[in-house]
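Chemist: My questions all concern the structure below.
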Amino acid sequence: MWLYIFRRTLLLIPIFFVITVVVFSLIHLVPGDPISSLLGPGSTLDDRDALLIAYGLDQPLWIQYLRWIKDFVMGDMGQSIIEKQPVADMIFYNMPFTLRLGLLSLAISFFVGITLGIISAVKKNTIIDYISMIIALLGVTVPAFWLGLILILIFAVELSWLPVSGSGGIEYLILPAISVGLGGAGLVARITRVSMLEIYNQDFVLLLHAKGISQNAIVIKHILRNAIMPVITILGLRLGFILGGAVSIEIVFGRPGIGSMLLTALFRRDYPVVQASLIFLTMAVIIGAFITDIIYSYADPRVRDLYK
Amino acid sequence: MSIDYQKTKKHKSPLKVLLKRLAQNKMGLAGVVVILILIFVAAFAHILEPYSYKLQDISNMSQPPSLTHLLGTDEFGRDLLSRIIRGARISFTVGVVSVAMSVLIGLVVGGLAGYFGGKVDLILTSFADLTWSMPSILIALLLVAIIGPGLESVVLAIGLSYWAQYARLIRGQILSLKTSVYIEATRSLGASDFVILVKHLIPNSISPVIVAATIGVGNAIVLEATLGFLGMGAQPPTPSWGAMMSSGTAYLFISPWVIVFPGIAMMITVLGFNLFGDALVDIMDVKNRESNL
Amino acid sequence: MLKVSDLAVEFTVDKKTIRPISGISFEMQKGEVLGVVGETGSGKSLTAHAIMGLTSLVGGKISGQIVFEGKDLLSKSHKDMQSIRGAEISFIPQNPMTSLDPVYRVGDQIVEGLLKHLKITKWAAKKRAIELMEQLRIPNAERVFEQYPHQLSGGLKQRIVIAIGIGTEPKLIIADEPTTALDVTVQAQIIRLFKELTVANNVGLLLITHDLGVIAQICDKIAVMYAGNVVEHGDIKTVFSDPKHPYTRALLDCIPYIGMKKGSLKAIEGNVPTPSNFPKGCRYSSRCPYVIPQCKTEFPETIELACGTKVTCNKFDLNLPRH
């Protein structure tokens, strides 16, 4: 098992390099350069060349990449061209906000989704099932940013229960996390329902009933325990989809975070910031998927044996 | 002498069977109705809109819904209903065209990976998996930044960020079909790789792709709106639902209807595609769980 | 100890009502082994589920009467049935390969039932589970206790399932084709095991099988089922030596024996009708060689013959014209 985890961890390294290469080359396809925006009026071509050399932008692309990646792994992600501060500082300032939002959203996705899924599966083909599934479907279909705006209108403006925007205590996190998490909850609910109904028809459930185990214990201890494994797999695979909403939600709620930092940088063509935030967001999702995969292979004894 | 089996045995056309099953599926039928209405509105938007979608009326800025403006007006006094009707055309086009593009890329990548296996499969599949695990919004954002904002680049960006799902589906299907007896038979009759892939394998693995694509249109519409909302989509005054909501955010507390109604329009649309897709899973008897994500 | 009278189960599917089993009556005494035999689709398993009160879980409507140890089981609530199931009546399912929860250790699955029905500690339950496993001749019981179902062979899984069935010392064990999934050599062992258990603990065993050989080995009584009805019920020796119902006779004729002539192996023509198209009269009438016109229209009465066998066939109805 530990060997398996170790091997999977090693696999993250090539993935990291592939991502950096892809992001780096894509960024350099972006038209328009930040140097022009730095040059004041009346500056000469020589000024421009001096700046190009200063930022190393005169070198061939692969040299630029090697230089950049060497510094990057050493923790030096360059200077923000617009903000004039180290990108690493900006990332480490913003990362916790995004992580907090992401984790809470994920928790909401998981618990709300599982609950809806169980209710639906247990009350299969009743009005309760239909209502839960419509809610789940709405979760999947409504974009996070719109949900965020509507939640602001209801809970912040009409009811004044929670703050409209900004960051700080938990009260600032609730509405954003619900907006991001509900989409994932819909997904989780739908998978939970299908997978529980599949398990429900298996032979071992009949034996559990025959053993006199109560309906509740069978549903929670056995059916859910078995049904949760495909849910974990898909949760890992669709982590990017579930957390994608966080980017727009940070804008809606005016929260600091990697997402809003990325968007601002994109508009200002601030390459180093865009690069670093894309790499961090992508790696966060991939590491998340990696962790769910480990959880999955630990949760299922059959899979666990495969990696012994 | 050849015997025509079609004549000796009476066959129901598969399309008729599907339609019959669809007619029994209430949710699916609701989805179809929503999609048909959307197509109708998109096609006849220029006739259906009560006002011109770009007609500004400074004396009627940010008016709440009333009899003259059923859904109210925006910050330029433009009729919201007319803009939502126009927006339907854009959303529908973006959704369908970008998904068509994704499916095409997915068919090529997944088809090649599944059919040739080995190193080709390994490289293509890892690339597809990497793309699939990345938030599509990030890929799309980056691509729009490269190509520059605008409707065409949004279509391109969405198309390029969603293909991995279809590639995975097609690959899985082909892997399971490849070793089937009838493909072996076709090969032994001397059919070329290309013929087997294009004439036999892909058509026989297409049903989960159709299901996924139906739901995918809904997802693409949401992604378009999100890009539009972030200012990376269609540029004003183009009445894309996302762009409308984006400019409406500044007036959220003055005229919330500018945000609420386009959102509801989008919700119903996407719900329609999802309900239809879910129904397709049942009536086409698609076993693959991944196709209804 | 167990008396089933006129048991029927009804399902409603797509607004159509079907009754896969009806008019089921039989009885058994303490320490007896009753074999229920019939072709696939005759309703044997459903009968077992009905006695356990499991059909209501899938939406079936039960009527008739099931009296177990003087208790009317059909009048019991869900909750009461839960404390009877697994404690007084236990069930050994058809397919041991898929009847264990794949994510729990097999030992814990035995313990689960013990903890539910016996007032004992976890530790005592574990000890008892290992004792049971040893009693069932599972080698390395303590190690097997810690293993997961996918790590065990079919024979071992079957023993685990049996351990679950006997652990709570039930008064009645219902075993639904407990040996079909196993190799012939293992089958014999398991059958012997069953015989030992019933004799040693004086428990009743209701054994469902389509294997007349198994019935001949260990049963005291037999109930022959056909298309959802019991057609013949009686003492095993009487029925085997002198089968009354044409179907029982046909079944016995189908058993191959050593020294039989080549090509003389018989089979019953046709198939068991499905619940949605049961014939109106006797359900065997479509395949019966002794069919008389009344069989097609009138459902036969169950008649107790002088030898003690109960048979449901018009042949023995003295009120009907002879020919």
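Chemist: For B:PHE92, what accessible area in Å² do you get when you roll a 1.4 Å probe over the heavy atoms of the protein chains, rounding to the nearest 10?
Modeler: Rounded to the nearest 10, that gives 40 Å².
Chemist: Next question, about the same structure. At a probe size of 1.4 Å, how large is the accessible area of C:VAL13, to the nearest 10 Å²?
Modeler: 80 Å²
Chemist: Using a 1.4 Å probe on the protein heavy atoms, what percent of the accessible area of segment B:68-122 belongs to carbon and sulfur?
Modeler: For segment B:68-122, the apolar C and S fraction of the accessible surface comes to 81 percent.
Chemist: Suppose the Debye formula is applied to equal point scatterers at every Cα of the protein assembly as shown; what is log10 I(q)/I(0) at q = 0.07, 0.09 Å⁻¹?
Modeler: So the normalised log intensities are -0.76, -1.06.
Chemist: Still on this model: Under a 1.4 angstrom probe, counting protein chains only, how are A:VAL273, B:VAL198 ranked by accessible area, largest first?
Modeler: The residues order as B:VAL198, A:VAL273, largest area first.
Chemist: Give me a single rounded figure for B:142-149: the average over its residues of other chain Cβ atoms within 10 Å of their Cβ.
Modeler: Rounded to a whole number, the mean comes out at 5.
Chemist: If you fit an axis through the alpha-carbon atoms of helix C:154-166 and take the longest principal axis of the Cα set of chain C, what angle between them do you get, 0 to 90°, nearest 10?
Modeler: Approximately 90 degrees, to the nearest ten.
Chemist: Okay, next question. Using only the alpha carbons of segment C:176-323, determine the length spanned along each of the three principal axes and report them from longest to shortest in whole angstroms.
Modeler: Principal extents (Cα only, largest first): 48, 39, 34 Å.
Chemist: Quick one: putting +1 on the C-beta of Lys and Arg, -1 on the C-beta of Asp and Glu, what dipole do you get for the protein assembly as shown around its Cα centre, in Debye to the nearest 20?
Modeler: 2620 debye
Chemist: Interface size between chain A and chain C, please: total buried accessible area, 1.4 Å probe, rounded to the nearest 100 Å².
Modeler: That pair hides around 2300 Å² of surface in total.
Chemist: Sort largest first and round to whole Å: the equivalent ellipsoid semi-axes of segment C:143-192, each the square root of five times a Cα gyration tensor eigenvalue.
Modeler: For segment C:143-192, the ellipsoid semi-axes come out as 18, 17, 8 Å.
Chemist: Leaving ligands, DNA and RNA out of it, rank A:THR115, C:THR238 by accessible area with a 1.4 Å probe, largest first.
Modeler: A:THR115, C:THR238
Chemist: Continuing with the same structure: Would you work out the charge dipole size for segment C:48-92 about its Cα centre, treating the Cβ of every Lys and Arg as +1 and the Cβ of every Asp and Glu as -1, and quote it to the nearest 20 debye?
Modeler: 140 debye
Chemist: Considering only C:GLY86, C:GLY259, C:GLY270, give the residue with the highest GNM mean-square fluctuation for chain C, with springs between Cα atoms whenever their separation is below 10 Å.
Modeler: Ranking C:GLY86, C:GLY259, C:GLY270 by mean-square fluctuation puts C:GLY259 first.
Chemist: How far apart, in nm, are the 7 Å Cα→Cβ label points at A:ASN216 and A:LEU306?
Modeler: Once both label points are built, they end up 3.6 nm from each other.
Chemist: Among the DSSP beta bridges whose two residues both lie in the protein assembly as shown, what percent are antiparallel, rounded to the nearest 5?
Modeler: 60 percent
Chemist: Rounding to the nearest 10 and keeping the result within 0 to 90°, find how far the Cα-based axis of helix B:257-283 lies from the longest principal axis of chain B.
Modeler: Rounded to the nearest ten degrees, it is 20.
Chemist: Need one word for segment A:81-158: rounded, prolate or oblate. Basis is the Cα gyration tensor (sqrt eigenvalues a ≥ b ≥ c); a/c below 1.5 gives rounded, then a/b vs b/c decides.
Modeler: Prolate.
Chemist: Same structure, new question: Using the crude model of +1 on Lys and Arg Cβ and -1 on Asp and Glu Cβ, and no other charge, please compute the dipole size for chain B relative to its Cα centre, in debye to 20.
Modeler: Roughly 1140 debye, rounded to the nearest 20.
Chemist: I need to check one value: relative contact order of segment C:222-317, counting alpha carbon pairs closer than 8 Å and at least 6 residues apart, in percent.
Modeler: Reported relative contact order: 30 percent.
Chemist: So, one more: So what is the orientation-averaged projected area of segment C:110-151, using the convex hull of its C-alpha atoms, in nm²?
Modeler: Average of the hull's projected areas for segment C:110-151 equals 3.0 nm².
Chemist: If you take the Cα Rg of segment B:34-179 and divide it by 2.2 N^0.38 Å, with N the number of residues, what do you get?
Modeler: Computed over Cα atoms of segment B:34-179, the ratio equals 1.45.
Chemist: Shape verdict for segment C:229-313, please, from the Cα gyration tensor: rounded (a/c under 1.5), prolate (a/b greater than b/c) or oblate.
Modeler: Since a/c reaches 1.5 but b/c is at least a/b, the shape of segment C:229-313 is classed as oblate.
Chemist: Setting aside same-chain residues fewer than 8 positions from B:LYS20, which lysines have a Cα under 26 Å from its Cα?
Modeler: B:LYS20 reaches A:LYS124, B:LYS7, B:LYS9, B:LYS10, B:LYS12, B:LYS287, C:LYS15, C:LYS16.
Chemist: May I pose another question? If I take R0 = 45 Å and measure r between the Cβ atoms of B:THR179 and C:ILE292 in this structure, what FRET efficiency does the formula 1/(1 + (r/R0)^6) give, to the nearest 0.05?
Modeler: 0.20
Chemist: Taking the alpha carbon gyration tensor of chain C, what are the square roots of 5 times its eigenvalues, largest first, to the nearest whole Å?
Modeler: Ellipsoid semi-axes (Å, largest first): 36, 23, 18.
Chemist: Can you send over the solvent-accessible area of B:LEU48, 1.4 Å probe, protein chains only, in Å² to the nearest 10?
Modeler: 70 Å²
Chemist: Still on this model: May I ask for the distance between the Cα centers of segment B:27-49 and segment A:190-240, given as a whole number of Å?
Modeler: Computed from Cα coordinates, the inter-centre distance equals 39 Å.
Chemist: I would also like to ask the following. Could you pull out the longest piece of chain C with no exposed loop trypsin sites (Lys or Arg not before Pro) in it, calling a site exposed if DSSP puts it outside H, G, I, E, B and it has at most 14 other Cβ atoms within 10 Å?
Modeler: The longest uninterrupted stretch comes out as C:138-260.
Chemist: Continuing with the same structure: What order do you get for A:208-220, A:133-145 when each peptide is scored by the mean count of other beta carbon atoms within 10 Å, highest first?
Modeler: The packing order, highest mean first, is A:133-145, A:208-220.
Chemist: Output the Cα-based Rg and Dmax of chain A in Å, rounding Rg to one decimal and Dmax to a whole number.
Modeler: 23.9, 88
Chemist: Based on a Kirkwood Rh over C-alpha pairs, give the Stokes-Einstein translational diffusion coefficient of segment A:37-195 at 25 °C and viscosity 0.890 mPa s in µm²/s.
Modeler: Roughly 125 µm²/s, to the nearest whole number.
Chemist: What is the angle, in °, between the Cα long axis of helix A:127-141 and the longest principal axis of the Cα atoms in chain A? Nearest 10 is fine, range 0 to 90.
Modeler: Compared with the principal axis, the helix lies near 10 degrees.
Chemist: Accessible area per residue for chain B in Å², computed with a 1.4 Å probe and the full protein assembly in place, what is it?
Modeler: That works out to 46 Å² for each residue.
Chemist: Here's another thing I want to ask about it. Can you give the Kirkwood hydrodynamic radius for segment C:64-193, in Å, rounded to one decimal and based on Cα pairs?
Modeler: Taking every pair of different Cα atoms in segment C:64-193, averaging 1/r and inverting gives 15.3 Å.
Chemist: While we're on this one: Which of these, A:ASP58, A:ASP89, A:ASP270, has the largest mean-square fluctuation under a Gaussian network model of chain A (Cα springs below 10 Å)?
Modeler: Result: A:ASP58 has the largest fluctuation of those listed.
Chemist: Under a Cβ-Cβ cut-off of 9 Å, what is the net charge of the residues other than B:GLY110 that fall near it, where Lys and Arg count +1 and Asp and Glu count -1?
Modeler: After counting each charged neighbour, the total is +2.
Chemist: For a quick check, take a GNM of chain B with Cα springs below 10 Å and name the residue from B:GLY111, B:GLY172, B:GLY233 with the largest mean-square fluctuation.
Modeler: With Cα springs under 10 Å in chain B, the top fluctuation among B:GLY111, B:GLY172, B:GLY233 is at B:GLY172.
Chemist: Also: How large is the accessible surface per residue of chain C, computed with a 1.4 Å probe and reported in Å² as a whole number?
Modeler: Per residue, chain C has an accessible area of 47 Å².
Chemist: Enter the per residue convex hull volume of segment B:159-224, computed from alpha-carbon coordinates, in Å³ rounded to the nearest integer.
Modeler: Convex hull of Cα atoms, per residue: 77 Å³.
Chemist: Could you work out the relative contact order of chain A, using alpha carbon pairs under 8 angstrom and six or more residues apart, expressed as a whole percent?
Modeler: Over chain A, the number comes to 24 percent.
Chemist: For B:TYR251, what charge total do you get from the other residues with a beta carbon under 11 Å from its beta carbon, if Lys and Arg give +1 and Asp and Glu give -1?
Modeler: Neighbour charge sum, excluding B:TYR251 itself: -2.
Chemist: Suppose only helical runs count, i.e. DSSP H with n ≥ 4. What mean residue ellipticity at 222 nm does that imply for chain B under -39500 (n - 2.57) per run, divided by all residues and rounded to the nearest 500 deg cm²/dmol?
Modeler: Result for chain B, helices only: -22500 deg cm²/dmol.
Chemist: Then there's this: What is the average number of partner chain Cβ atoms found within 10 Å of a Cβ in C:101-114?
Modeler: Neighbouring Cβ atoms belonging to other protein chains average 4 per residue here.
Chemist: Rounded to a whole number of µm²/s, how large is the Stokes-Einstein D of segment C:1-67 at 25 °C and 0.890 mPa s, given Rh as the Kirkwood radius over C-alpha pairs?
Modeler: Estimated via Stokes-Einstein, D reaches 195 µm²/s.
Chemist: Per-residue Cβ counts within 10 Å, from other chains only, averaged over B:123-132: what number is that?
Modeler: Average neighbour count from other chains, rounded to a whole number: 2.
Chemist: Return a whole-number percent for the relative contact order of chain C, with Cα pairs under 8 Å and 6 or more residues apart as the contact set.
Modeler: 21 percent
Chemist: Which of C:LYS119/C:LYS157; C:LYS119/C:LYS171; C:LYS126/C:LYS171; A:LYS211/C:LYS122; A:LYS211/C:LYS79 have a Cα-Cα distance over 20 Å?
Modeler: C:LYS119/C:LYS157; C:LYS126/C:LYS171
Chemist: Give me the summed buried accessible area for the A-B pair, 1.4 Å probe, to the nearest 100 Å².
Modeler: Result for this pair: about 4000 Å² buried.
Chemist: Cut-off under 19 Å on the C-alpha distance; same-chain residues fewer than 8 positions from C:LYS315 excluded. Which lysines are left, in chain and number order?
Modeler: C:LYS244, C:LYS280, C:LYS296
The values are calculated or read from the model by the stated rules, or taken from the named source; none is laboratory data. Remember, it's a predicted structure, so these values are computed and weren't measured experimentally. Heads up, the Cβs are rebuilt from the backbone with ideal geometry, glycines too, and the neighbour counts pull from every protein chain shown. The area values use the complete protein model at the heavy-atom level, side chains included, leaving out ligands, DNA and RNA. Shrake-Rupley method; radii C 1.70, N 1.55, O 1.52, S 1.80 Å.
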